[in-house]
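Taken together, the values in this text are just the output of simple stated rules run on the coordinates, not laboratory data. Note that the structure is predicted; figures quoted are calculated from it, not measured. Methodologically, a virtual Cβ is constructed for each residue, glycine included, from the backbone with ideal geometry; neighbour enumeration extends over all protein chains shown.
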Amino acid sequence: MLEARGLCKAYAGRQVLAGVGFCLPAGQCLGVAGANGCGKSTLLRLMAQIQRPDSGDILFGGRSVLGNRRFLRAKVGYVPQEDGLMAGMTVQHQLRLWQSACGVHGPIPGTLEELLGLEPLLPMRVEELSGGMRRRVSIAMALLNGPAILVMDEATTGLDDAWRPRLLDWLEGYLARGGRIIWCSHRQEELDRLCGAVLRLDVAKP
């Protein structure tokens, strides 16, 4: 069980999240929805531990994993709203570096290459990629470590129409195999398709 307990986060004195909590069992997808500025991306950054909460905790299997980098690299895949790809690198080098950081060895899995059409992208430099190509690489990085938990922030935004249904089909299979997804999307049809429950956040009052 993945649990968030009482997560709070403020920026410059403005409370963005106040006491957010949920439980996410294996094989389930939790949707995150709400108006712009309600803290959706903040919540996902906290769950991926890109940022630390001001208070609250994150647990997996009943144990706190807040600040546990080994857990993050072994168990969590994160697709941010804005990718963090590094200019000047080829896609292959970018993926290899991330594999190394996660302690993963061997070639990039062929199933992943096929799912996201990576083969022609591997020799290309990041700055040569279109927006849709960058999105596919960003998703590939999240899947490289075979994560037990996927945290995905508008993962299909910018993704070419040819790849979106393939990704959604794969994610349904991932859930059937016991994966967990935290899924933020403005597309109601995606929330309806993937999510067993939806957490709706409200914009904090000043």
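What the table below lists for this structure:
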item: Fewest-first ranking of GLU3, GLU172, using other Cβ atoms within 10 Å as the exposure measure; result: GLU172, GLU3
item: Average projected area [Cα convex hull, the chain], square nanometres; result: 11.4 nm²
item: DSSP beta bridges in the chain [antiparallel fraction, %, rounded to 5]; result: 45 percent
item: Cβ-based charge dipole, the chain, positive-most Cα from HIS93, GLN49, VAL76; result: GLN49
item: Over the chain: helical MRE at 222 nm, DSSP H runs n ≥ 4 each giving -39500 (n - 2.57), nearest 500; result: -9000 deg cm²/dmol
item: Shape call, the range 26-70: gyration tensor on alpha carbons, a/c limit 1.5; result: oblate
item: Charged-residue dipole, Cβ positions (Lys, Arg, Asp, Glu), the chain about Cα centre, Debye nearest 20; result: 780 debye
item: Equivalent-ellipsoid semi-axes of the range 1-109, from the Cα gyration tensor, Å, largest first; result: 27, 18, 13
item: Diffusion coefficient, µm² s⁻¹, Stokes-Einstein with Kirkwood Rh over alpha-carbon pairs of the range 120-168 at 10 °C and 1.306 mPa s; result: 136 µm²/s
item: Net charge over other residues, Cβ less than 15 angstrom from the Cβ of PRO107 (K, R count +1; D, E count -1); result: -2
item: The range 76-158 shape via C-alpha gyration tensor axes, a/c threshold 1.5; result: rounded
item: Sequence ranges 100-110, 142-152, ranked by mean other-Cβ count within 10 angstrom, highest first; result: 142-152, 100-110
item: Relative contact order (percent, whole number), the chain, Cα cutoff 8 Å, 6+ residue spacing; result: 32 percent
item: Percentage, to the nearest whole number, of Cα pairs in the range 1-57 over 12 Å apart; result: 67 percent
